[in-house]
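**Student:** Okay, here's the structure, questions in a sec.
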Amino acid sequence: MTASARLAELGIVLPEVVPPLAAYVPATQIGDLVHTSGQLPMVDGELIARGKVSENAEGVVDVETAVAAARQCALNALAAVHALVGIDSVQRIVKVTGFVASAPGFSNQAAVLNGASLLLGEVFGDAGRHVRSAVGVAELPLGAPVEVEITVQV
């Protein structure tokens, strides 16, 4: 089954590519690899959440919201890939790198990044299995709670 057919089966429509916030491109191809820029959890030009991620503090982003944000980041990354080479040219997801704006003491970045990883597995099956880094950081652009970049083989 093609990736576009699987997306349709899942009821997922790839969003428009998020315009770059600075001097970079959303995705670039080198040989048979496509690398995306870091993607924020944007929908219609707005972040779906803002703030640092924590499991037990008020006034911050909870883990469930951060997981959904990571999923949206992955969708935005797939949109960047699709705009460059077409989603059906993806042979496998190679690597996911995720950054989580973490409140002091938060160490569950891996759970947050599962939002991106599980989506890629849903869409690409075994070809969606990938290596991954989940990194806690102090701040992300625009106050985003998570940022995700992917590398795919085409």
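The values are calculated or read from the model by the stated rules, or taken from the named source; none is laboratory data. All of these numbers come straight from a predicted model, not from anything done at the bench. For neighbour counting, all protein chains shown are included, and Cβ atoms are generated from backbone atoms with ideal geometry for every residue, glycine included. For accessibility, only protein heavy atoms count, side chains too; no ligands or nucleic acids. Shrake-Rupley method; radii C 1.70, N 1.55, O 1.52, S 1.80 Å.
**Student:** With each run of n ≥ 4 DSSP H residues scored as -39500 (n - 2.57), what mean residue ellipticity at 222 nm is computed for the chain after dividing by its residue count and rounding to the nearest 500 deg cm²/dmol? Walk me through the numbers before you get to the answer.
**Tutor:** On the way: 3 runs with 47 residues, N = 154.
Computed mean residue ellipticity for the chain: -10000 deg cm²/dmol.
**Student:** Still on this structure, I have one more. Could you give the semi-axes, largest first, of the ellipsoid that matches region 10-74, computed as the square roots of 5 times the alpha carbon gyration tensor eigenvalues and rounded to whole Å? Mind showing how you got there, number by number?
**Tutor:** Details: eigenvalues 136, 39, 31 Å².
Its equivalent ellipsoid spans semi-axes of 26, 14, 12 Å.
**Student:** How much accessible area per residue does region 55-101 have, counting only protein heavy atoms and a probe of 1.4 Å, in square angstrom? Walk me through the intermediate numbers first.
**Tutor:** Values: 2050 Å² over 47 residues.
With the other protein chains kept in place, region 55-101 gives 44 Å² per residue.
**Student:** Please state the charge dipole magnitude for the chain, taken about the Cα centre, from unit charges on C-beta atoms (+1 on K and R, -1 on D and E), reported in debye and rounded to the nearest 20. Spell out each step's value before the answer.
**Tutor:** Numbers: 8 positive and 15 negative charges, 71 e Å.
Value, rounded to 20: 340 debye.
**Student:** Still on this model: Consider all pairwise Cα distances in region 92-154 and report the whole-number % of them above 12 Å.
**Tutor:** Values: 1272 of 1953 pairs.
Cα-Cα pairs of region 92-154 separated by over 12 Å account for 65 percent.
**Student:** Starting from the exponent 0.38 and prefactor 2.2 Å, build the expected Rg for the chain from its residue count and divide its actual Cα Rg by it.
**Tutor:** Numbers: Rg = 14.7 Å, N = 154, 2.2 N^0.38 = 14.9 Å.
So the Cα radius of gyration is 0.98 times the expected 2.2 N^0.38 Å.
**Student:** Also, I was wondering about something else. Got a number for carbon plus sulfur as a percent of the chain's accessible area, 1.4 Å probe? Kindly include the intermediate steps, with their values, before the conclusion.
**Tutor:** Values: 3920 of 7490 Å².
Carbon with sulfur: 52 percent of the solvent-accessible area.
**Student:** Run the simple label-point estimate for LEU10 and ALA23 please: 7 Å along Cα→C-beta, distance reported in nm.
**Tutor:** 3.6 nm
**Student:** While we're here: Find the centroid of the Cα atoms in region 21-47 and in region 77-125, then give the distance between the two in whole Å.
**Tutor:** One Cα centre to the other: 12 Å.
**Student:** To the nearest 10 square angstrom, what accessible area does HIS130 show with a 1.4 Å probe?
**Tutor:** 50 Å²
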